[in-house]
Structure formats: C-alpha cells, structure tokens
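Read through the structure below, which is laid out as structure tokens, and then see the notes.
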There are 2 protein chains.
Amino acid sequence: MKLGMARGEVYLRFSAILVLVLSACLVAFDTQTKVVLLGIQKKATYNDLHALKISVYVTSAAAGYNLLQLCKHSTCSRGNFKGSYMCMAWISLFLDQIAVYITLGTNTASVAASMMAVTGSEALQWMKVCDKFSRFCIQIGGALLCGYVASILMALVSTISAYKVFRMYSPKWFLRLKST
Amino acid sequence: MKLGMARGEVYLRFSAILVLVLSACLVAFDTQTKVVLLGIQKKATYNDLHALKISVYVTSAAAGYNLLQLCKHSTCSRGNFKGSYMCMAWISLFLDQIAVYITLGTNTASVAASMMAVTGSEALQWMKVCDKFSRFCIQIGGALLCGYVASILMALVSTISAYKVFRMYSPKWFLRLKST
C-alpha cells in the first residue's frame with residue numbers, strides 16, 4: 001500500500017516534469033515575423049514581455065527541481081531511519097509548497113501580461129498586439145494552459161508530501177510524534 | 001495544547017482578514033488626478049487595469065471566506081464527532097488551499113500588470129504610466145505587499161489545516177484512520 005502511494009508520487013512528479021518542459025518549450029520556441037508598416041518586419045518573441053521571460057526560467061527550474069526529487073526518491077527510499085525521514089519529509093513539504101506557489105504565481109503573472117496584449121488598455125493608451133500576431137498568441141495560450149496543469153499536478157504532489165509528514169504526529173497531542 | 005493550536009489558527013485567520021481588508025481598501029480608494037496635456041485632466045483609478053479590479057474582488061472574497069471560517073470555528077468547536085470532524089477538516093483543507101492559490105495568483109497578476117505600468121514595453125510601444133502618477137503607484141505597491149503578507153498568513157493556516165487532517169491517519173497503513 002505504501003508502495004502504491006510512492007509510485008503515485010513518482011507518476012505525478014514525472015508527468016509534472018513532462019508538462020513543465022512542454023510549457024517552457026512552447027514559450028521559448030514561439031516566434032512570428034510580420035510585416036508591420038512600409039515593409040518593416042517585426043519579429044515577436046517571448047523576450048518582448050518580461051513576464052514570459054521569467055516564466056520560461058521558472059518553469060525550467062521547477063522541472064529541474066522535480067527531477068532532483070525523483071532522483072532522491074530512487075536513491076533514498078531504501079534506508080528508513082525515523083529522525084532523518086522526518087527531516088527529509090519536512091524539507092520536501094516546504095520545497096514542494098514553495099515550488100507550487102512560485103510556478104502558479106509566475107504563470108498567472110504571464111496570463112495577466114498576455115491578457116493585456118490581447119485586450120490592450122484604452123485608459124493607458126496601450127494598443128492590442130494579438131490581432132497582428134495571432135498564431136504567436138495562441139501558442140503562448142497553450143503554454144500557459146500547460147503551466148496550470150503542471151501547477152495542479154504539483155499541488156497534488158505537495159498534498160502527498162503533507163500527508164507523509166503529518167501522519168507521523170499523534171492525533172491527541174500537539175506536535176508530538178507517534179510512538180510506533 | 002490542542003487549545004493553543006486552535007488559538008493560533010484563530011489569530012492567523014484574524015490577522016489575514018485585517019491585512020486582506022487593508023489591501024483591498026488601499027487599492028479601491030486609490031485615486032490621483034493630474035493635468036496631462038493642455039489642461040486636460042486625467043484621473044487614475046484601479047479601474048484602469050483589469051488585474052487590479054479583479055484583485056479587489058478576490059481580496060474581499062478571501063477576507064469574507066476567512067471570516068466565515070472564524071464563525072464556524074467559534075460555533076462548531078464544541079461537538080467533536082469523528083466522522084463529521086474528518087469531513088469538515090478535509091473541506092477546510094480543500095477550501096484553504098484554493099483560497100491561498102487564488103489570492104496569491106491574482107496578487108501576482110496585479111504585480112505583473114503594475115510592473116508593466118512602471119517599466120512600459122518598448123517592443124510593444126506601451127508607454128510608462130508611473131512616472132506621472134507616482135503617488136498612485138506607490139499606494140498600489142503597498143497594497144500588493146499587503147497581499148503577499150496575507151498570502152503567507154493563509155499558507156500557514158492551510159498548513160495547520162493539513163496537519164489537522166493528516167495526523168488522523170495511520171503512519172503504517174495507506175489512508176487508514178487511526179483506531180484511537
């Protein structure tokens with residue numbers, strides 16, 4: 001049973017990595033060149049928006065982090081000393097939470113920045129961009145969707161981490177470990 | 001000891017509500033009027049940016065949710081039946097997690113939108129706004145800082161919720177309740 005749970009975590013992390021890499025690639029390799037005015041060409045890349053640039057870095061970092069956790073999983077699951085187990089479980093929980101929050105945050109920041117490119121802002125005299133570069137914008141939209149899927153997967157992983165930590169505590173006494 | 005933990009949760013929720021309300025008020029009551037060009041006045045409000053508008057709604061909703069949880073806490077803490085306790089604890093954990101993710105998400109979206117107003121974007125021909133409306137922008141910055149403080153407080157609350165759920169499970173058997 002315990003094995004089933006560990007396997008579930010591995011699957012979740014693995015699919016999170018796949019989706020994160022897919023999302024980063026979709027953003028990073030997205031370019032579209034258009035003739036704007038009087039034969040002047042303009043090339044749209046993810047460098048045009050700060051939020052997208054940060055999003056590529058963060059998505060790659062999150063994929064790397066999950067890969068490291070998978071490696072740790074496959075090497076450390078043999079020994080099971082109680083003290084070090086709790087320490088590792090707490091660190092995993094903490095890092096998983098941070099990873100989810102940062103991935104979700106940057107992804108939502110990219111959505112906000114991209115929405116501005118779709119709608120523009122009359123009050124601030126910012127013009128729309130996506131009616132010119134529509135293919136570019138659709139690909140970014142797909143990447144952001146992948147980012148949310150990855151966030152949900154990582155949130156599930158961090159719930160498993162929380163389960164692994166807190167089930168070791170006594171239900172009756174505050175923050176006291178069970179004597180099993 | 002259990003009482004100390006419950007009291008901690010109440011304090012955390014209460015301070016989260018205060019900070020959320022402060023953040024919503026800072027954004028909602030932030031206006032600045034400036035003469036832009038040839039005597040034409042321009043008034044900056046949070047309505048100019050979609051992200052800020054959504055942020056006000058979400059912050060208020062999060063404050064309301066935490067208030068409801070506080071009310072529930074003060075009425076339901078008497079009876080302690082095991083089945084309904086687990087059900088309530090799971091629902092609380094689920095809602096707390098959703099609340100944290102949504103608050104953090106909209107807050108980061110507002111930061112991204114505001115950063116665009118600070119830096120502008122040369123590639124997209126969007127002009128800077130904050131060099132004209134500096135007091136307005138500083139107040140928004142304070143509100144976004146409050147939003148992050150609230151997110152951290154709510155993340156702590158959701159960790160307590162997770163502790164309350166998962167300590168009831170056996171450390172040896174997968175998702176089996178303890179027999180105490």
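The values are calculated or read from the model by the stated rules, or taken from the named source; none is laboratory data. Note that the coordinates shown come from a computational prediction; the quantities given were computed from them, not determined experimentally. Using ideal geometry, Cβ is built from the backbone for each residue, glycine included, and neighbour counts are taken over all protein chains shown. Accessible surface is based on the protein model in full, side chains and every heavy atom, while ligands, DNA and RNA are left aside. Shrake-Rupley method; radii C 1.70, N 1.55, O 1.52, S 1.80 Å.
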Members of region A:131-157 found to be out of contact with any Leu (no Cβ under 7 Å at 6 or more places or on another chain), aliphatic (A, V, I, L, M) and farther than 22 Å from A:Lys42 by Cα, listed by number: A:Leu144, A:Leu145, A:Val149, A:Ile152, A:Met154, A:Ala155
Tabulated pairs, region B:30-59, first within 17 Å of B:Gln139 (Cα to Cα) and among the basic types (Lys, Arg), second part of a helix (DSSP H, G or I) and open to solvent by 40 Å² or more (accessible area, probe 1.4 Å), C-beta under 7 angstrom, 6+ apart or interchain: B:Lys53/B:Tyr46; B:Lys53/B:Asn47
Residue within region B:48-57 that is outside any helix (DSSP H, G or I), within 12 Å of another protein chain (Cβ to nearest Cβ) and over 30 Å from B:Asp96 (Cβ atoms) present: no
Residue check for A:Ala117: buried (at least 20 other Cβ atoms within 10 Å of the Cβ), at the interface with chain B (Cβ under 10 Å from one of its Cβ atoms), assigned to a helix (DSSP H, G or I) and touching a His at 6+ places or on another chain (Cβ under 8 Å): no
Candidates A:Ala61, A:Ala24, filtered to the one that is of a type outside the set (Asp, Glu), under 15 Å from A:Leu104 (Cα atoms), surrounded by fewer than 20 Cβ atoms within 10 Å (Cβ to Cβ) and within 11 Å of the chain's Cα centre (by Cα): A:Ala61
Qualifying residue in region B:88-100 (condition: of a type in the set (Gly, Ala, Ser) and in contact with an Asp or Glu (Cβ under 7 Å, 6 or more places away or on another chain)): no
Of residues in region A:145-170 being facing another protein chain (nearest Cβ under 8 Å) and more than 15 Å from A:Ala16 (Cβ to Cβ), the one surrounded by the fewest Cβ atoms within 10 Å (Cβ to Cβ): A:Ser170
Any hit, region A:82-91, residues being of a type in the set (D, E, K, R), in a loop (DSSP other than H, G, I, E, B) and over 30 Å from B:Ala113 (Cα atoms): no
Single unsatisfied condition, B:Lys128 versus (1) at pLDDT below 80; (2) under 30 Å from A:Lys34 (Cα atoms); (3) facing another protein chain (nearest Cβ under 8 Å): (3)
The lone exception for B:Ala16 - which of (1) more than 30 Å from B:Lys128 (Cβ to Cβ); (2) surrounded by fewer than 20 Cβ atoms within 10 Å (Cβ to Cβ) it fails: (2)
